[in-house]
Amino acid sequence: MIFRRCGWALAVACVSVQVAAADEPTAPVAVFRTDWGIQLGPIMLTPGGFLEFTSIYRKRNETADIGSSFGSIPFPNNNNYYIKEFRETARDTRVSLLAQGPPGYDYKGEGYLETDFVSAGTNSNGNQSNSYTLRIRQAYLGWSRPDLGWAIMAGQAWSLVTPYKNGLTARQEDIPLVDDGQLYVGFNWARQTQFRLVKTFSPAVAVGLSLESPQNALKGTVPAGATGGNPGGPGLNSEANYSTDIAPDVILKLALDPGYGHYELYSLTRFLHDRAPGVPGNLASETSHTTVAQSFGAGLILPLWSKWLELHATTLIGHGNGRYGSAQLSDSTYNARDGSVAALREQQGLVGLIAHPLQAFDVYAYGGFEQQTAAYGLVPDNNMACSTNFINVGSLPTSADCGGVGRVRQVAGGFVWKAYRGPLGYVTAGPEVEYVKDTTYAAKNGTTAETNNIMVYITIRYYP
């Protein structure tokens, strides 16, 4: 990344119409980037971000803002199944700041902060003030020795599970072209605190190891005396449940850039923890349990037709990986025999095509899925609580008798039009249409329940 250097007297003149300089993976094109910054002593400060307006229509009411609830669509006996939803929002507006140390040394240091307004405080409302709160997206520091190929990151950033455009360089994540804040079903990602070490052996080979903040999404009936999570305490959200964790999620990734496309292979190892009676109902037999959940993932970017058409694909297969998918299926349930955590087997996948028919247009289409295999009673039973007449089931409970949604599929497409590029920055606009289908776990008689939703997004962004 190249920046214009200025003396103190010219610092004000160096404030620029910088376009998504520091990190804008969802920016439709890189050709409009103009990397400028403010020289502040030895530090280069580069502001970034955009202003956004989005109009949202959903066929089924999810009472959601910019991010859809892919795995929680209302079923037919819920009134929201028959209610349409319309919203307008500017809360995905983003502000970022990149601070970089002076060049000319063997090492490089930087800090990065990125925020938006997709959060709500206790006084946030949609009646009059719409006073939604600022939230952290990314906040990390980095140190590297480019001559030796080593780089270290510490702080909150996109997980190493997230696919990259090239190498394993921060702010080069391959985020899909998307208007939905929850991205796409089958896309693997998280933004969380981590400590990451990357070794770049050559422009074609990089290896990364990341130790990331864990969180286990448990589903099912909690056995008597078991503790797998607790409401948030000081400094945490008291209305959210936090799992009991003893070790970070460990991600090891290999990235290859042989000159034709980009390819990734990685492993995800998790340590799911709880404490429960070894003998159901006998509190005196309580013991702590740790379950190792292992998954493997892959991704690629393949140019199919020169610079006109690209194939993007990712997959993640294994146990206990639900939290790394956009549909947010659960990671685990309780072993009905001894109360230990049982990691659920899950498969995820996403395939996308991005075309560039004209310089001012990007056209895209994606298809993805996430599905789990039931375990330890997470299957809808043939009783009145779950209903054998699945046309009447509503938002299924997540008890041991009713496992709820076990498979989510989605197809989506849209285009981005670069409507303006000039001295004031640039403006993009475009629609996106999504179709999502949820399916419950199969009941004991083999039947399932299904629901669906159609979402239409129209988004305008201004990059000053």
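The values are calculated or read from the model by the stated rules, or taken from the named source; none is laboratory data. These numbers come from a predicted model, not from an experiment. With ideal geometry, Cβ positions are generated from the backbone for all residues, glycine too; neighbour counts draw on all protein chains shown.
If you take the residues in the stretch 57-86 that are more than 15 Å from Asp438 (Cβ to Cβ) and among the β-branched types (Val, Ile, Thr), which one is surrounded by the most Cβ atoms within 10 Å (Cβ to Cβ)? Outline the logic, then answer.
Narrowing the stretch 57-86 to residues more than 15 Å from Asp438 (Cβ to Cβ): 57, 63, 65-67, 79, 82-86.
Narrowing the set further to residues that are among the β-branched types (Val, Ile, Thr) leaves 63, 66, 83.
Numbers: Thr63: 11, Ile66: 21, Ile83: 14.
So, considering only residues that are more than 15 Å from Asp438 (Cβ to Cβ) and among the β-branched types (Val, Ile, Thr), the one surrounded by the most Cβ atoms within 10 Å (Cβ to Cβ) is Ile66.
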Checklist line | Only one of Leu353, Leu268 that is in contact with a strand residue (DSSP E or B) (Cβ under 7 Å, 6 or more places away or on another chain) and under 26 Å from Ile73 (Cβ atoms) | finding: Leu353
Check: Within the stretch 345-358, can one find any residue that is farther than 20 Å from Trp189 by Cα and at pLDDT below 85?
Finding: no
Margin query: Looking at the stretch 352-367 only, could you name the residues that are in contact with a His (Cβ under 9 Å, 6 or more places away or on another chain) and surrounded by fewer than 17 Cβ atoms within 10 Å (Cβ to Cβ)?
Written below: Leu353
Note to self: Quick check on the stretch 230-281: of everything there that is without any contact (Cβ under 8 Å) to a residue 24 or more places away in the chain and small (Gly, Ala, Ser), which residue is surrounded by the most Cβ atoms within 10 Å (Cβ to Cβ)?
What the structure shows: Gly232
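Please enumerate the residues belonging to the stretch 311-342 that are in a strand (DSSP E or B), buried (at least 19 other Cβ atoms within 10 Å of the Cβ) and at pLDDT 95 or above. Steps first, please.
Applying the first criterion (in a strand (DSSP E or B)) to the stretch 311-342 yields 311-319, 325, 332-334, 341-342.
Of the ones still in play, those that are also buried (at least 19 other Cβ atoms within 10 Å of the Cβ) are 312, 314, 316, 318-319, 325, 332-334, 341-342.
Of everything in the stretch 311-342, those that are in a strand (DSSP E or B), buried (at least 19 other Cβ atoms within 10 Å of the Cβ) and at pLDDT 95 or above turn out to be His312, Thr314, Leu316, Gly318, His319, Gly325.
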Notebook entry, point to check: Among the numbered criteria (1) modelled with pLDDT of 95 or more; (2) over 23 Å from Asp116 (Cβ atoms); (3) not acidic (Asp, Glu), which single criterion is violated by Gly228?
Noted result: (1)
Next item on the list: Spot the failing condition for Ala151; the list is (1) over 30 Å from Glu434 (Cα atoms); (2) modelled with pLDDT under 95; (3) buried (at least 18 other Cβ atoms within 10 Å of the Cβ), and only one is missed.
Entry: (2)
Next item on the list: Quickly run through the stretch 447-464 and pick out the residues that are of a type outside the set (Gly, Ala, Ser), more than 21 Å from Asp92 (Cα to Cα) and over 21 Å from the mean Cα position of the chain (by Cα).
Entry: Thr447, Thr448, Glu450, Thr451, Asn452
